[in-house]
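The values are calculated or read from the model by the stated rules, or taken from the named source; none is laboratory data. Since the structure is predicted, the reported quantities are computational estimates derived from the model, not experimental observations. For neighbour counting, all protein chains shown are included, and Cβ atoms are generated from backbone atoms with ideal geometry for every residue, glycine included. Heads up: the accessible areas ignore ligands, DNA and RNA and are worked out on the full protein's heavy atoms, side chains in. Shrake-Rupley method; radii C 1.70, N 1.55, O 1.52, S 1.80 Å.
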Amino acid sequence: MRREDFDQLVERAFRRIPSSFRRQMRNVVVVVEDEPSARQLAAGRVPRGHTLLGLYEGRPLPLRSVSDGFNLPDKITIFQGPIERAAGSPAELERVVYDTLWHEVAHYFGMDERRVRAAERRRSADRLRRLRRDGRS
């Protein structure tokens, strides 16, 4: 997929995040990169042979203080290559981008990996219940 098209997927995913969360996001930038670097894989504690779909780098919101000095923006990186390889269809690609962005936004709001994964499982179960209720499973 062309980078411009992928960037648009990320922009649409960001707009789908509820405004109540987006309004609270300050001093954070969302970028797209082709692949995670060795440094990013190490920062994400990724085992050899695995990769990252996204990465949050910064100081989570609950740890910030009014006494903090000037800080560079936090950074959420979405990795195009791994996401494209993980998705099996265009619809799946859009879902993986959205889920990955939400995952990294959760880290921005201070959720650790265990809590993010638990929230993802609840969201997946809710999505499956809606699909079954609507007769689309």
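Within region 1-48, the set of residues being open to solvent by 70 Å² or more (accessible area, probe 1.4 Å), outside any helix (DSSP H, G or I) and in contact with a strand residue (DSSP E or B) (Cβ under 8 Å, 6 or more places away or on another chain) comprises 27, 34, 35.
Among the residues making up region 49-81, those that are crowded, with 18+ Cβ neighbours inside 10 Å, at pLDDT 95 or above and not in a strand (DSSP E or B) are 52, 53, 80. Residue pairs whose Cβ atoms lie under 9 Å apart, separated by 6 or more positions or on different chains, with the first residue in region 46-61 and at positive phi and the second part of a strand (DSSP E or B) and at pLDDT 90 or above, are 58/28; 58/74; 58/75; 58/76.
Confirm whether residue 84 is exposed (fewer than 13 other Cβ atoms within 10 Å of the Cβ), in contact with a helix residue (DSSP H, G or I) (Cβ under 7 Å, 6 or more places away or on another chain) and in contact (Cβ under 8 Å) with a residue 24 or more places away in the chain. Taking the combined requirement at face value, the residue does not satisfy it. For region 97-114, the count of residues that are in a helix (DSSP H, G or I), within 26 Å of residue 27 (Cβ to Cβ) and open to solvent by 80 Å² or more (accessible area, probe 1.4 Å) is nonzero. Within region 7-32, residues that are within 14 Å of residue 74 (Cβ to Cβ) have Cβ atoms under 6 Å from residues that are basic (Lys, Arg) in these pairs: 29/75, counting only partners at least 6 apart in sequence or on another chain.
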